[in-house]
Amino acid sequence: MKRNDPVFLAWCAGFFDGEGTVGVYRHAPAKWYTYKGQRRPRKTQPRTEWILRLAVYQNHVRPLRLIREEFGGSLFYRASTKVWFLVMAGKRASELARAILPYSVVKREELTTAIEFAELRHVAGGAWAEPKRQAKLAATLVLLKRKDPREAAL
């Protein structure tokens, strides 16, 4: 399967609409780092940053492996619930969001907001361009997740 194949992307979008989540989370970098095999404390505390994250949950691992082959990500198994999940963050998450956006129905607004969020970082060349805007987009994603599914018009 190819990343440019519209049938594959439409399948990914449908699968993601049903089984996926879009989120923006605060991430505090580690207080320690490893240098030449030794654990050392950071001299200055790095600031907390926001991370875009997409995840897809499924009982069967095969569809998740197909998505991972094309877009990357980390695959995990939660034994307590017997569920597999594929997690993508940062650049990989924004690449998947851009690829499936034209085919998405249910999560179109969330994906659009996620792409807009990801673009904020790229504008400033790695640093966040507008902290207030990023916080507003994160809040928008939370509201979109709480939206009643019966309100969504097809």
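The values are calculated or read from the model by the stated rules, or taken from the named source; none is laboratory data. What you are looking at is a predicted structure, and each value in this text was computed from that prediction instead of being measured. All Cβ positions, even for glycine, are placed from backbone atoms using ideal geometry, and neighbour counts span all protein chains on display.
I'm trying to understand the selection: among the residues of segment 48-67, which are among the aliphatic types (A, V, I, L, M) and either within 16 Å of Ala89 (Cβ to Cβ) or in contact with a strand residue (DSSP E or B) (Cβ under 6 Å, 6 or more places away or on another chain) (or both)?
Correct list: Ile51, Leu52, Leu54, Ala55, Val56, Val61, Leu64, Ile67.
Among the residues of segment 1-59, write down those that are modelled with pLDDT under 75 and either in a helix (DSSP H, G or I) or among the hydroxyl-bearing types (Ser, Thr, Tyr) (or both).
Listed by number, the residues that qualify are Tyr33, Thr44, Thr48.
Taking segment 52-92 only, how many residues are over 27 Å from Asn4 (Cβ atoms) and touching a Phe, Trp or Tyr at 6+ places or on another chain (Cβ under 8 Å)?
5
Please give the number of the condition Glu95 fails out of (1) in contact with a helix residue (DSSP H, G or I) (Cβ under 8 Å, 6 or more places away or on another chain); (2) closer than 14 Å to Glu19 by Cβ.
Looking at each condition in turn, Glu95 falls short on (2).
Can Glu69 be described as surrounded by 12 or more Cβ atoms within 10 Å (Cβ to Cβ) and among the acidic types (Asp, Glu)?
Against the criterion (surrounded by 12 or more Cβ atoms within 10 Å (Cβ to Cβ) and among the acidic types (Asp, Glu)), Glu69 does not qualify.
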